[in-house]
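Here is the structure we will look at.
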Amino acid sequence: MRRTTLTAALGMALVLAGCSSDGSGDGSTTDSTTSASTDASASSAATEAGAETTGAAAAMEDPVCAGFFQTGAVTLADRATKDRDLLASGDTLDPASWGEISLLNQRITQLGAQAEGDQADLLERINAPFVEATDAVLSDEDQSPTDEEITVPEIDVADSGAAQDELETACAG
């Protein structure tokens, strides 16, 4: 599909270049043709860059790897990094921040159910601080996930970050 779209766009650029003039009023298309050649070279370079990206994406064909590192506008990996930073800061959370941590916990747990062996272990380690934060809030009778300020105990997130790096290395092949 990508090649078809790229080929159609390149073809359209060549057709349009042949129909336009260089602005000199004599109807010659020398500059336009040169522009089309430049566009073709740029498209060729983009195709080669796309091939490199495809090679990197091929390493993530594993559904668990793709689910963690590639799926969604904001990947689970990006969310985990952001939420680990939030937990490490020790700040009180608002309901939206706590909800993000709770949702991330659920999504990593669901992804972990698809994983086996080392992947499952790494996802469990990645998810550990989010499970701990969720459990701490839900088990505290003095707090509610809807409170204006939600206090989470100090949580060590270092192993979670290390496990994420290990999973990324394993998924990259």
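The values are calculated or read from the model by the stated rules, or taken from the named source; none is laboratory data. Bear in mind the structure is a predicted one, so any value in this text is a computation, not a measurement. Quick reminder, even Gly has a Cβ in these numbers, built from the backbone with ideal geometry, and neighbours come from all protein chains shown. Note: areas computed on protein heavy atoms with side chains; ligands, DNA, RNA excluded. Shrake-Rupley method; radii C 1.70, N 1.55, O 1.52, S 1.80 Å.
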Out of all the residues in segment 93-109, is one or more among the hydroxyl-bearing types (Ser, Thr, Tyr) and closer than 18 Å to CYS65 by Cα?
yes
Being assigned to a helix (DSSP H, G or I) and closer than 14 Å to ILE108 by Cβ is the filter here; which residues of segment 136-160 pass it?
SER160
Within segment 59-107, can you find the residues that are open to solvent by 30 Å² or more (accessible area, probe 1.4 Å) and assigned to a loop (DSSP other than H, G, I, E, B)?
ALA59, GLU61, ASP62, GLN70, THR71, GLY72, ALA73, VAL74, GLY90, ASP91, THR92, ASP94
Under the condition of being of a type in the set (D, E, K, R) and closer than 19 Å to ASP159 by Cα, which residue from segment 108-125 is most open to solvent (accessible area, probe 1.4 Å)?
GLU124
Pairs only if they're at least six apart or on different chains, beta carbon under 8 angstrom, first in segment 111-138 and touching a residue at least 40 places away in the same chain (Cβ under 8 Å), second basic (Lys, Arg); list them, first residue then second.
PRO129/ARG84
Provide a single number: the residues in segment 126-157 that are among the charged types (D, E, K, R) and buried (at least 17 other Cβ atoms within 10 Å of the Cβ).
1
